[in-house]
Each structure stands twice: as C-alpha cells, then as structure tokens.
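Below is one structure, written out as structure tokens, with a few remarks after it.
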Amino acid sequence: MRCLRTLLSVALAAATSLSAAQTSSLRIPPRVEAGTSFSIETRGSGAAVLYIVGPADVLRRNVQLGESIAFGPDDLHNAGHYSAFLRGGSASESVQFDVVPSHQPETLSFLAKPSRLPVDLSGGISGVVYIFDAFRNLIIQPQQVSFVLSVSDTPPQTRTVTSHEGVAWVKMNSASRAGLANFQATAGNVEEKRIIQQVAGNPCRLRMNARNSGARVALETDPVRDCSGNPVPDGTIVTFTETYAGNQSTVDVPLKRGVAKTELPAHKGALISVATGVVLGNEIRLSGGQ
Amino acid sequence: MMKAMRTLKPLFLAPLLLTTLLVPGADKPSVRVGSMDSVGPRAVEKQTQLSIVRDYLLAWQSLARALAQNRPASLDDSFTGIARDKLADTIREQSKLGFQTHYRDTTHNLQVIFYSPEGLSIQLLDDVEYDIELYEKGKLLGTQHVRSRYLSVLTPTESKWKVRIFEAQPLEQRLAKGDQRLHERKHQSYPWGFAA
C-alpha cells in the first residue's frame with residue numbers, strides 16, 4: 001500500500017512537472033542574424049504579453065499562447081543581447097538571446113590621417129576602418145580589408161588586413177612624388193576614399209647665381225627642390241646675407257614660382273650667402289665682376 | 001569624480017596583468033581592468049587609461065538613468081554617434097510602449113584591445129554582469145541576471161571620452177574568439193593590423 005502511494009505521488013509530481021514545462025515554454029532561437037525573419041514558439045493557453053528588451057532595442061507584443069510569434073526582418077535588427085519576458089495567461093517565463101550583425105559589409109567608417117604630410121615619410125599615413133552592416137551594427141566577424149594608396153604616375157601601395165572585432169588598420173608610407181594621393185579602403189563590395197595631400201619635403205640643395213646690375217648685384221636661386229626632386233612650395237623663405245667690412249645685412253625672400261630673387265649693394269669684396277631652413281647654399285664673393 | 005579617480009589610480013600602477021577593483025558601496029559594480037601596457041598600435045598613456053575606465057563606467061550610469069527614466073537626454077554626457085542614436089531610439093520606443101527597464105551593473109571585466117594610431121578611437125571589451133528589471137505602469141514584471149560581453153568604441157571629445165559604438169556579443173562566439181585571439185597573440189602583436 002505504501003509502495004503504491006509512493007508510486008502515485010511520483011507519477012503525480014512528474015505529471016505536474018511536465019505540465020508546467022509545457023505551459024511555460026518560450027522557445028527562442030539563441031542567436032538571430034540582424035535583418036532576418038525569425039519566430040518564437042510559445043506553449044500554453046490564453047493571452048499573454050511578450051516583452052523583448054535590451055539596450056539596443058525593445059519590443060512588446062500581445063500574443064496568444066500556443067501560437068508561433070513571427071518577426072520580420074525589420075523588427076529586431078540592432079545587434080545585441082536581449083531579454084525576453086512572457087507575462088500573462090498560463091505562462092510567466094523569461095529567456096535571453098542574441099541578435100548578431102549581418103556578415104555583409106554595408107558601410108565603412110574610414111579615418112585617414114593626416115590629411116597633409118611631406119613626401120617620403122615612413123609610416124606617416126594611418127588608416128583605420130570600422131566595418132558596419134546595413135543596420136549600423138559593427139561586424140565583428142573577421143573581414144578582409146584592402147587599403148590602396150596611389151599617386152599618379154607611381155605604383156600604388158597595397159595592404160590587405162583582416163579585421164579584428166570590427167576594426168582594421170594600417171600604416172603606410174607617403175610617396176616620393178608630391179601631389180594628391182587617393183587612399184582607398186575596401187571591404188566586400190564597399191569602398192571608401194580619402195584624399196591625402198603629399199607635399200614636398202624640406203629643401204635639399206640650394207644654389208644661387210649673381211649678375212652685376214650697376215651699383216647692385218642681382219641674385220637668383222636655381223629652382224628649389226626637396227631631396228626627391230619635388231619643387232618646394234612657393235612662400236618658403238630664402239635668406240640672402242651680405243657681409244662687408246664687418247657689417248651684415250640680410251634679406252628674406254619668399255619663393256615665387258620655385259625661385260627666390262633679390263638685389264643687394266654690389267660692394268667689392270663682399271661675401272654673399274644663401275640659406276633656407278636648415279640648408280645652407282653656396283657663397284659668392286664679389287670681386288668687381290663676381 | 002575625484003574620489004572615483006583616486007580609487008582607480010592604484011589599479012594602473014600595479015604591474016599585474018589583471019587588477020581587481022572593488023569599489024566600496026553596495027550599488028557600485030566591481031571592476032576589473034586588464035593591463036593596457038601592450039595595447040596597440042598606439043600606447044595608452046596613464047592619464048588616458050584612467051579617463052577611459054572612468055568615462056566608460058560613467059556611460060553605464062548614464063545608460064541606466066536614461067532607460068529607467070525614459071530620458072534620452074541623459075545619454076548626451078556619455079554617448080555619441082551610432083551608440084547614442086540607437087540607445088535614444090530604444091528609449092523612445094520604451095516610452096511609446098509604456099514601460100521602463102532598470103539596469104544595475106554589478107561586474108565589469110574590462111580589456112582595452114585597440115587604440116588607433118592617431119589616438120582618435122579606443123576599443124574595449126567588457127565582460128559585464130548586470131540585472132535588468134522590467135516595469136510597466138510602475139509594476140515590476142520581471143527580473144533577469146545577465147552575463148554578456150560588450151564591445152565598445154570610445155572617441156575623445158572636448159572634455160571626455162564618449163561611447164560611439166556599444167554592442168553586445170553572443171556568449172558562445174566570444175569564447176571561441178577568445179581562444180583564437182590568445183593563439184594569434186603568441187605570433188604577432190597586432191594580428192588585426194598591418195604596419196608599413
């Protein structure tokens with residue numbers, strides 16, 4: 001008799017447990033890709049309310065327990081961790097699930113720095129790319145990102161990088177030729193371009209010529225270039241210095257069309273020198289002619 | 001603020017890989033911060049280390065306040081860009097649907113994983129635990145304890161770092177990725193970047 005009672009109570013407990021499991025079940029896929037349809041299965045009977053909450057999005061649906069709840073591609077598209085609460089009817093349950101980003105890049109956030117730099121600078125240009133899907137979710141799955149830096153008439157530099165946690169970065173050298181450089185990042189079918197201005201570096205050599213002009217001497221430099229042969233920008237200051245009888249006089253002249261010109265008094269025996277930046281040019285001693 | 005800074009300071013002076021910080025007070029989360037000594041490609045200066053952690057934790061407070069009160073404006077101090085837009089949309093939707101969510105973060109385990117070469121973005125992972133409470137018309141409908149990993153990107157503004165990207169990752173994925181990352185780091189410092 002005692003044995004039969006025990007058996008009955010075990011059977012009753014099992015039946016109760018099974019009933020509870022059946023009536024309070026909320027079946028959600030543990031992971032949903034952003035922008036895809038999915039459905040949530042419910043069990044039980046009666047009307048209830050389903051709340052889906054997370055920092056990234058919230059939803060509230062009146063549901064009929066025992067029916068499937070369908071969600072369209074636009075219903076829950078922000079990647080994140082979500083909590084679902086089912087309240088009302090014969091059910092009271094909560095579960096958690098994730099919405100993950102789509103694998104297809106849609107936009108790139110491409111930061112290229114600096115926007116202007118001298119030529120021939122090793123590692124002088126940095127590019128950082130964050131990769132997003134169509135819903136502005138950061139795509140954390142590794143993606144191949146190619147960076148191309150090109151200046152006209154020179155071979156482009158190319159680097160391919162695998163993104164990590166949604167970001168890929170690169171450092172590249174500025175080209176030896178001055179001018180506008182196209183800096184392009186590509187992931188999947190998406191590309192972003194930035195323009196970087198590469199300017200001539202510091203003057204490399206400096207040479208002036210003198211021409212007698214009556215009581216004055218006319219001075220003119222050769223075209224001033226950097227060490228890669230790029231013309232140094234107009235406006236760069238060139239300093240002419242004349243030393244005569246213990247006195248010194250200087251003239252600062254900006255480059256115009258690549259050269260600097262000036263006139264100084266033509267004192268016999270005077271020494272004239274020229275300099276720009278840290279570069280010292282040739283010297284000329286005036287001796288009647290030159 | 002200064003008190004929080006003082007509390008955090010010893011954390012970065014310790015030469016340990018991971019340092020534990022137990023902020024006093026029942027409502028304050030416990031915070032662990034991984035070493036930032038080998039974060040690249042740009043070195044994270046001590047002052048930046050302190051600022052990042054301080055501003056990120058403040059962002060969680062802003063988030064909790066904004067979602068509890070359904071006030072998007074509370075986000076402005078700590079969030080910007082995509083993160084701000086999405087959180088504000090969530091709050092507006094909550095408000096429209098007539099409920100609130102209360103977030104109480106209890107544990108943060110922070111690891112900075114990327115600091116961009118020009119210093120304009122910093123990326124961190126946070127293994128976070130928090131409780132979420134759902135209220136409708138002032139009535140508590142349910143509570144959940146959540147463990148998740150948040151990936152955040154912060155960018156500097158005039159006075160502080162703001163969260164620009166704020167996105168949770170799935171549990172299974174993070175475990176697999178964690179293993180992979182450890183493997184990669186044995187071979188090269190910055191497997192996701194390429195230095196010229």
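The values are calculated or read from the model by the stated rules, or taken from the named source; none is laboratory data. As the structure is a prediction and not an experimental result, all values here were calculated from the model. With ideal geometry, Cβ positions are generated from the backbone for all residues, glycine too; neighbour counts draw on all protein chains shown.
Values computed for the structure shown
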quantity	calculated
Residues that are under 30 Å from A:Ala79 (Cβ atoms), crowded, with 18+ Cβ neighbours inside 10 Å and either outside the structural domain of A:Gly124 (by TED's automatic domain parsing) or not hydrophobic (A, V, I, L, M, F, W, C) (or both), drawn from region A:162-190	A:Ser163, A:His164, A:Glu165, A:Gly166, A:Lys171, A:Gln184, A:Thr186
Tally, over region A:121-146, of residues that are under 12 Å from A:Asn173 (Cα atoms) and assigned to a strand (DSSP E or B)	3
Given (1) buried (at least 21 other Cβ atoms within 10 Å of the Cβ); (2) more than 10 Å from every other protein chain (Cβ to nearest Cβ); (3) of a type outside the set (A, V, I, L, M, F, W, C), number of the condition B:Ser116 does not satisfy	(2)
Output for region A:62-83, where each listed residue is part of a strand (DSSP E or B) and more than 9 Å from every other protein chain (Cβ to nearest Cβ)	A:Asn62, A:Val63, A:Gln64, A:Ser68, A:Ile69, A:Ala70, A:Phe71
Subset of region B:49-81 [of a type in the set (A, V, I, L, M, F, W, C) and within 15 Å of the chain's Cα centre (by Cα)]	B:Leu50, B:Ile52, B:Val53, B:Leu57, B:Leu58, B:Ala59, B:Trp60, B:Leu63, B:Ala64, B:Leu75, B:Phe79
Conditions (1) touching a Lys or Arg at 6+ places or on another chain (Cβ under 8 Å); (2) more than 12 Å from chain B (Cβ to nearest Cβ); (3) closer than 30 Å to B:Val112 by Cα; number of the one not met by A:Ala187	(1)
Number of the exception - A:Ala275 against (1) outside any strand (DSSP E or B); (2) within 25 Å of A:Asn202 (Cα to Cα)	(1)
Condition met for A:Lys171 (basic (Lys, Arg) and more than 22 Å from A:Ser228 (Cβ to Cβ))	no
Among residues of region A:92-120, those that are more than 10 Å from chain B (Cβ to nearest Cβ) and either of a type in the set (Phe, Trp, Tyr) or not in a strand (DSSP E or B) (or both), counted	9
Residue list for region A:217-252, restricted to those being surrounded by fewer than 17 Cβ atoms within 10 Å (Cβ to Cβ), in a loop (DSSP other than H, G, I, E, B) and hydroxyl-bearing (Ser, Thr, Tyr)	A:Ser228
Search result, residues across region B:84-113 that are among the β-branched types (Val, Ile, Thr) and either facing another protein chain (nearest Cβ under 7 Å) or part of a strand (DSSP E or B) (or both)	B:Thr90, B:Thr101, B:Thr106, B:Thr107, B:Val112, B:Ile113
Residue within region B:122-140 that is closer than 26 Å to A:Leu111 by Cα and either surrounded by fewer than 16 Cβ atoms within 10 Å (Cβ to Cβ) or more than 13 Å from every other protein chain (Cβ to nearest Cβ) (or both) present	no
When residues of region B:47-86 are limited to those that are among the hydrophobic types (A, V, I, L, M, F, W, C), out of contact with any strand residue (DSSP E or B) (no Cβ under 6 Å at 6 or more places or on another chain) and under 18 Å from B:Glu133 (Cα atoms), the one surrounded by the fewest Cβ atoms within 10 Å (Cβ to Cβ)	B:Leu63
Number of the exception - A:Arg159 against (1) surrounded by fewer than 18 Cβ atoms within 10 Å (Cβ to Cβ); (2) at the interface with another protein chain (Cβ under 8 Å from one of its Cβ atoms); (3) free of Cβ contacts under 8 Å to residues at least 24 places away in the same chain	(1)
Residue ID - modelled with the lowest pLDDT, chosen from residues in region A:9-59 that are part of a loop (DSSP other than H, G, I, E, B) and within 14 Å of chain B (Cβ to nearest Cβ)	A:Ser24
